[in-house]
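Notes to accompany the following structure.
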Amino acid sequence: MKIGIAGTGRMGAAIAARLSSVGHEMMVWNRSADKARATGFKIADSPQALAGACEALISMLTDAAAVQSVYAQMLSGNVNEKLFIEMSTVRPEVSRKVGSLVKQKQAAFVECPVGGTIGPAKEGKLFGFAGAEKADFERARPLLEQMCRRVEHLGPAGAGASMKLAINLPLLVYWQALGEAISLVKGLNLEPGRLMDILADTSGAPRMLANRAPAIAAALGGKEGPVSVNIDTLKKDLSEIVEESKLLGWSAPATEGALRGFAAASAAGLGGKDCVQMPVFWSAQPKKL
Ligand SMILES: NC(=O)c1ccc[n+]([C@@H]2O[C@H](COP(=O)([O-])OP(=O)(O)OC[C@H]3O[C@@H](n4cnc5c(N)ncnc54)[C@H](OP(=O)(O)O)[C@@H]3O)[C@@H](O)[C@H]2O)c1
């Protein structure tokens, strides 16, 4: 199938590589042309040209502003009967609005934000949280199954976005909690690898520590590795969760606390750094914040 990827950031580029590896013909568009070129795939001049040239369009963009802007451009031409799969992490109302614009153009729309990072994206092992009309979901399912180890269709557009925020909530609060936990035992002066090995081997540890504990230990030891997801992206997710909770009439004190921690890290200039720097930052400066 001829597939267009709008947004070849970390996740978009990884998804493009995966879909190419299973035999699809790829075309890409990215706001900054260098990242589009780095994929090695055919490049469209604009989101409109991408949508015109491809049968299925996948978007993987930072936030609501990016999604709305790129969809306005992709939908400006004739997109009759094309399939749009929106995978960015945004609030349900953004997904519903974009989905309704797509449906007005007689095209199919599936939102499918994902759990999992660059490695799983390259291997087709993401966890997809889909929201769509049933027929649109069934049409997208074969592609989604090439990107994901598991896909759950949770309801109409907006349902997948809700679930994605829900699965991110405890994980993102954990990054802040880990910074606070490390602060508590700083005085023991443990070697970072040993400290993370202990913390990862307890019931309080989320599954992601199995993969990330060595990178966190390295970061605690002052070594910086590649970025898989940056602090500003997770700060954006925490803000979305707080906003969504307010809209639903719930308070979210744990999320608000974590957001304050991420905002402090961002204000200290760490917004572009990998998430493993979050507990390092917090445990280094507990008294100032
Ligand atoms: N990284 C992860 O592990 C992970 C996992 C699950 C979900 N997600 C979600 O996936 C999405 C992408 O994350 P990422 O880590 O791949 O981020 P990223 O590497 O920062 O890529 C973001 C992409 O969005 C584009 N973009 C931003 N603002 C734009 C605008 N106004 N107009 C057009 N394009 C715009 C960027 O273009 P430029 O290159 O021009 O800046 C880039 O292509 C986010 O919603 C994130 O929450 C990420």
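Could you please find all residues in the range 39-71 being aliphatic (A, V, I, L, M) and within 10 Å of the ligand (Cβ to nearest atom)?
Within the range 39-71, 60, 61, 64, 65, 66, 67, 70 qualify.
Of everything in the range 41-62 that's under 21 Å from the mean Cα position of the chain (by Cα) and open to solvent by less than 40 Å² (accessible area, probe 1.4 Å), which residue is nearest to residue 82 (Cα to Cα)?
Restricting to residues being under 21 Å from the mean Cα position of the chain (by Cα) and open to solvent by less than 40 Å² (accessible area, probe 1.4 Å), the top hit is 56.
Check 16, 65, 38 and return the single one that is within 18 Å of residue 140 (Cα to Cα) and either within 16 Å of the chain's Cα centre (by Cα) or open to solvent by 30 Å² or more (accessible area, probe 1.4 Å) (or both).
Exactly one of 16, 65, 38 is within 18 Å of residue 140 (Cα to Cα) and either within 16 Å of the chain's Cα centre (by Cα) or open to solvent by 30 Å² or more (accessible area, probe 1.4 Å) (or both), namely 16.
Taking the stated definitions as given, is residue 239 free of Cβ contacts under 8 Å to residues at least 24 places away in the same chain, within 29 Å of residue 64 (Cβ to Cβ) and of a type outside the set (A, V, I, L, M, F, W, C)?
Taking the combined requirement at face value, the residue satisfies it.
One residue is enough: does the range 70-86 have a residue meeting the conditions open to solvent by less than 30 Å² (accessible area, probe 1.4 Å), hydroxyl-bearing (Ser, Thr, Tyr) and under 23 Å from residue 236 (Cβ atoms)?
The answer is yes; a qualifying residue exists.
Sort out which residues of the range 2-13 are in contact with a Ser or Thr (Cβ under 9 Å, 6 or more places away or on another chain) and either of a type in the set (D, E, K, R) or open to solvent by 20 Å² or more (accessible area, probe 1.4 Å) (or both), and write them in order of number.
9, 10, 11, 13
Within the set of pairs 6 or more residues apart or between chains, which connect a residue that is touching a residue at least 40 places away in the same chain (Cβ under 8 Å) and within 9 Å of the ligand (Cβ to nearest atom) inside the range 3-29 to a residue that is in a strand (DSSP E or B) and among the hydroxyl-bearing types (Ser, Thr, Tyr) with Cβ atoms less than 6 Å apart?
If the second residue must be in a strand (DSSP E or B) and among the hydroxyl-bearing types (Ser, Thr, Tyr), the pairs left are 6/59; 7/59.
Quick grid of which residues meet (1) away from the ligand (no atom under 15 Å from the Cβ); (2) part of a loop (DSSP other than H, G, I, E, B); (3) among the hydrophobic types (A, V, I, L, M, F, W, C):
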residue	(1), (2), (3)
96	yes, no, no
99	yes, no, no
103	yes, no, no
106	yes, yes, no
109	yes, no, yes
122	no, no, no
127	no, no, yes
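Taking the range 129-156 on its own, how many of its residues are within 21 Å of residue 4 (Cα to Cα) and not in a helix (DSSP H, G or I)?
So the count comes out to 6.
Taking the range 76-97 on its own, how many of its residues are free of Cβ contacts under 8 Å to residues at least 40 places away in the same chain and among the β-branched types (Val, Ile, Thr)?
The total comes to 1.
Within the range 223-241, identify whether any single residue is farther than 25 Å from residue 120 by Cβ, open to solvent by 40 Å² or more (accessible area, probe 1.4 Å) and of a type outside the set (S, T, N, Q), and answer yes or no.
Taking every residue of the range 223-241 in turn, none turns out to be farther than 25 Å from residue 120 by Cβ, open to solvent by 40 Å² or more (accessible area, probe 1.4 Å) and of a type outside the set (S, T, N, Q).
Residues of the range 242-257 being open to solvent by 30 Å² or more (accessible area, probe 1.4 Å) and part of a helix (DSSP H, G or I), which ones?
Matches in the range 242-257: 243, 246, 247, 248, 253, 254, 256.
Looking at residue 269 and the list (1) assigned to a helix (DSSP H, G or I); (2) of a type outside the set (Lys, Arg); (3) without any contact (Cβ under 8 Å) to a residue 12 or more places away in the chain; (4) closer than 16 Å to residue 172 by Cβ, which single condition is not satisfied?
(4)
Among the residues of the range 194-218, how many are part of a helix (DSSP H, G or I), open to solvent by less than 50 Å² (accessible area, probe 1.4 Å) and more than 16 Å from the ligand (Cβ to nearest atom)?
7
Of the residues 138, 191, 111, only one is touching an Asp or Glu at 6+ places or on another chain (Cβ under 9 Å) and either closer than 20 Å to residue 56 by Cβ or open to solvent by 70 Å² or more (accessible area, probe 1.4 Å) (or both); which?
Answer to the selection: 111.
The values are calculated or read from the model by the stated rules, or taken from the named source; none is laboratory data. Quick caveat: nothing in here was measured; it's all calculated off a predicted structure. Reconstructed Cβ throughout: ideal geometry from the backbone, glycine too, with neighbour counts over all protein chains shown. Calculation scope for accessible area: heavy atoms of the full protein, side chains included, ligands and nucleic acids excluded. Shrake-Rupley method; radii C 1.70, N 1.55, O 1.52, S 1.80 Å.
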